[in-house]
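Asks: Handing you a structure now.
Derivation of every value follows stated rules applied to the coordinates shown; laboratory data play no part. Being a predicted model, the structure only gives us computed values, none of them experimental.
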Amino acid sequence: MIKGKEPKPTKTKLHKGMLLFYCACVLVLIFAFGLMTFRMVLKSKLNAKLDEIRTAGYPATLAELNDYYPAVPDDENAAILYEKAFKLFHDIDDKIFEKDINGKLYLKVSNRGGSPKNNDSNRPKLFRELLIRVEFMPLLLEHQLSEESNNANRQFVNANRATIKILKKAVLRPECRFPINFSLFNLIRSARLLLISTVLAEKDDQPKQVIENIMVLLKICHTMDNQSTYSSCIMKYALQRLTVATIEYTLSSVELDANTLQQISKSLGECLDEENKLLEQAFADTRIKTINFDDYMAKEPGLKYTYFILSLTGIITLNKLKILEIYEILFKLDKSDIKALRRYDDSFEKQFKEMSKFYSLSKILIRHSNSRIIYKKLKIEAQIKATIIGLAIERYRLQYNKLPKTLIQLVPEFIKKLPNDPFTGKPFSYAVGDIEIPIDEFDKNSYSGSYKSNKITDRYCDQVRCIKRPGWMVYSFGKDQDDDNGAPAQGGDNGDISFRCVRKKK
């Protein structure tokens with residue numbers, strides 16, 4: 001060998017290098033073929049599932065979903081008027097509220113360039129004075145509104161007179177069809193506006209205005225019946241909760257005649273969805289939106305590469321199959337069997353974990369689209385049925401100038417058949433006498449009056465501030481199916497669900 005020259009590679013080394021290269025190519029081809037086959041199998045399974053959905057009469061794509069809801073002529077479509085009302089709505093961050101009726105600075109938004117924090121002390125002053133929460137209703141039975149609060153609420157209602165006027169026109173239209181991507185939060189804001197208007201009308205001794213507002217609230221509850229979605233069900237239950245709270249407050253404050261009570265009872269009965277048709281339609285709607293959510297978000301600039309990788313590896317399709325499997329169980333679930341719901345709750349967490357651990361936006365949606373909506377539905381069903389029984393009790397009182405000793409005395413003169421507690425399948429409970437109204441959710445330093453500390457049951461470790469008023473109460477045992485003497489939940493879902501009628505303090 002000559003010094004300074006490198007040895008030439010031998011044929012053996014060349015053959016080994018080529019062999020490794022060919023082996024790597026073969027492995028890549030096998031992996032690519034395997035991945036392609038895996039994706040094709042998943043795609044085939046997904047298409048088969050979607051065909052099953054179509055066979056059952058439900059939409060399987062967003063385009064089909066849009067066609068699933070029939071079009072409505074503009075002159076019959078309440079949604080057109082609702083959208084006009086929403087555009088005229090003056091919210092608390094509007095400049096119109098910067099000064100009150102005396103010209104003083106009234107609204108001060110904290111946090112520059114942002115919305116107020118959740119803590120009431122950091123929210124605009126006007127917000128803290130407005131009666132926009134259902135929990136304020138019991139408090140009004142004990143205390144009169146301060147002059148400042150009265151002014152704030154009147155200012156809010158007066159600024160939204162045009163909105164209220166259009167809302168009352170909208171509910172008279174026979175049909176309502178929103179776009180499938182429409183946000184329904186404005187319906188809740190409208191209902192809260194009507195609630196405040198109702199409280200003020202009662203204080204101004206305008207019973208006709210009170211009844212009119214309640215009937216409008218009940219009609220708004222039916223707005224999404226022909227276009228039931230998961231969001232619309234949540235909104236409908238929230239609207240119905242607001243309506244029931246308004247009726248409860250009104251019944252304790254205003255003497256309504258028998259015909260009005262019967263009219264409200266009939267409208268409330270129309271809100272019930274005991275066959276779960278609206279809920280099943282909502283599952284069908286949300287199922288399609290959920291499995292298409294990742295595809296929709298892929299258009300966002302910051303998510304394109306993430307979506308591409310998840311799609312390439314089949315993870316997106318795998319998650320879609322798991323989502324359809326979860327919804328299939330929801331459809332088959334007995335929505336009135338609490339034990340079955342609890343079993344589903346236990347299995348849901350396991351199935352949720354079986355979804356890909358990799359990033360998937362649809363997991364965010366599926367987390368909120370499970371049996372919790374069924375519990376919400378059962379809870380508002382219990383509230384509505386208790387309210388219907390309560391309205392019958394008031395009609396009995398007007399007729400005989402006394403309260404019934406038992407609920408069975410209402411049948412059949414004031415109610416054809418007593419509804420059962422949806423949580424237990426048994427009759428509702430009924431109590432007459434001094435009724436306790438928990439008001440522990442309020443800051444006692446902000447209001448005058450006495451508060452009574454009372455440990456309602458051993459289950460609640462917190463002291464509950466209550467007021468006592470003579471009256472009556474109809475209540476459901478709630479999700480835990482335990483009799484808590486009408487005591488509501490103090491955090492969590494347990495506790496009773498009640499409708500109270502107590503005479504307002506004079």
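Asks: Would you pull out the residues with amide H under 5 Å of Ser498's amide H, same chain only if 5 or more places away, H placed 1.01 Å from N?
Replies: Ser476
Asks: Work out from phi, with θ = phi - 60° and the Karplus expression 6.51 cos²θ - 1.76 cosθ + 1.60, the ³J(HN,Hα) of each residue of the range 250-264, listed in order in whole Hz, and give x for Gly and Pro.
Replies: In residue order, the calculated couplings are 5, 5, 7, 10, 10, 7, 8, 7, 4, 5, 5, 4, 5, 5, 5 Hz.
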